[in-house]
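Input: a single structure, listed below in C-alpha cells.
FYI, it's all coordinate maths here, none of it is from the lab. Since the model is a prediction, treat every value here as computed from it, not as a measurement. Cβ coordinates were reconstructed from backbone atoms using ideal geometry, including for glycine residues, and neighbour counts include every protein chain displayed.
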Amino acid sequence: MSSTDSELLERLRPFAACDVADALQAVKINGYLPDVLMWSPEYCAGTRRICGPAHTVQMVAVGGSPVPKLPQHHVDTVPKGAVVVISCPKVNGAVWGGLMSTRAQYLGAEGVVTDGRCRDLEEQRSLGFPVFASGISCYGMGGFVTPAAVNIPVVVAGVTVNAGDIIVGDLNGVVVVPREKLAEVVQAAERAKPIEDACMEDLKAGKTIQETFAKHRGK
C-alpha cells in the first residue's frame with residue numbers, strides 16, 4: 001500500500017462496519033456482503049473488528065475443468081495485515097479450518113472472510129482468530145473445492161472484491177471498500193460521525209426521532 005492509502009486505512013479503522021456501510025451508501029457504492037457473519041472469536045458478538053486490504057482467493061468446484069496446482073498453498077502467501085477473502089461455490093464442505101487459521105494468524109493476517117463455510121470453531125475461538133463465513137460444516141474442502149487462483153478479482157456474496165480493496169468486519173457483518181474509493185469513503189464516514197453522535201446525545205436526552213433527525217440530518 002502507498003503511504004497515502006496506509007494513512008487512509010488508519011483513519012478508517014476506528015469505524016464500525018455499519019458506519020462504513022453508511023458511508024458506502026452515501027457515495028453510492030454497493031459494498032455489503034449479505035449473510036457473511038462472524039463465527040469467531042464469537043458468533044455475532046463481542047468487540048473484535050477487522051480492517052485491512054483483501055488477499056483474494058478463488059475456489060472452484062472439484063470435478064470441472066482441470067485446475068493447475070498453485071505454486072504455494074494460498075494461505076502461505078497471505079501478507080501481514082491482510083484479510084483473506086475467499087470466493088467459493090455453494091458446497092457442503094468448509095473452505096477454512098483451524099489449521100488454516102493457525103498459519104494465517106502466525107503470518108499476521110487480520111482475519112478471513114468467505115461466502116463459503118468454515119469449521120473447527122473450537123480451534124478458531126481458542127486462537128481468537130476472526131472468521132466470517134456464510135455457515136459451518138463438519139466436512140473439510142477435500143472433494144468439494146480446490147483453490148484456483150490468488151489475488152485476482154473475485155465475487156463474494158454478489159460483490160466484486162479486488163486484491164487490495166479494504167475489508168471491514170465486525171459483529172454486524174462485512175463491507176468492502178474499493179481501494180480507488182477509499183479516500184471518498186473515509187471522508188463520508190468522518191463527516192457523518194459528529195452528526196450521528198449529536199443525534200445519539202439528543203435521543204438520550206429524551207428528544208424525539210422526528211425532531212432529532214430534522215435538527216441534525218435535515219430530514
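Quick notes
- For Met141, the residues whose modelled amide H falls within less than 5 Å of its own, excluding neighbours fewer than 5 places apart on the same chain, are Ala94.
- Stretchable slack from Val27 to Met1, in nm (0.36 nm times residue separation minus alpha-carbon distance): 7.1 nm
- Dipole magnitude of the chain, debye to nearest 20 (Cβ charges: Lys/Arg +1, Asp/Glu -1, about Cα centre): 220 debye
- FRET efficiency, 1/(1 + (r/R0)^6) with R0 25 Å, evaluated for Cys44 and Met200 via beta carbons: 0.65
- Going by neighbour counts of Cβ atoms within 10 Å, the residues Asp170, Asp22, Asp115, Asp197 line up, fewest first, as Asp197, Asp22, Asp170, Asp115.
- Over the chain, DSSP H runs of length four or greater, each weighted -39,500 (n - 2.57), average out per residue to a 222 nm ellipticity of -9500 deg cm²/dmol.
- Computed E for Val60/Arg191 - FRET, C-beta separation, R0 45 angstrom, nearest 0.05: 0.60
- For Leu70 and Tyr106, a Förster radius of 22 Å and the Cβ-Cβ distance give a FRET efficiency of 0.70, rounded to the nearest 0.05.
- Residue order for His55, His73, His216, fewest other beta carbons within 10 angstrom first, comes to His73, His216, His55.
- Around the amide H of Ala149, modelled in the peptide plane, lie the amide H atoms of Gln58, all under 5 Å away and 5 or more residues distant in sequence or on another chain.
- Approximate spin-label separation Tyr139-Glu122, in nm, with each point projected 7 Å along Cα-to-Cβ: 2.3 nm
- The chain: most fluctuating residue of Ala82, Ala133, Ala45 per GNM, C-alpha cutoff 10 Å: Ala45
- Considering only the Cα atoms of the range 1-79, their convex hull presents on average a projected area of 8.3 nm².
- Positive-end residue, the range 154-219 charge dipole about Cα centroid, Cβ charges, pick of Ile195, Val155, Gly173: Ile195
- Mean separation of Cα contacts under 8 Å (6+ apart) over length of the chain, as relative contact order %: 30 percent
- Computed P(r) (all Cα pairs; the chain; 5 Å bins; percent): 1, 7, 15, 18, 18, 14, 10, 7, 4, 3, 1, 1, 0
- Going from the fewest other Cβ atoms within 10 Å to the most, the residues Lys69, Lys215 appear in the order Lys69, Lys215.
- Cα centroid separation - the range 61-104 against the range 43-58, whole Å: 15 Å
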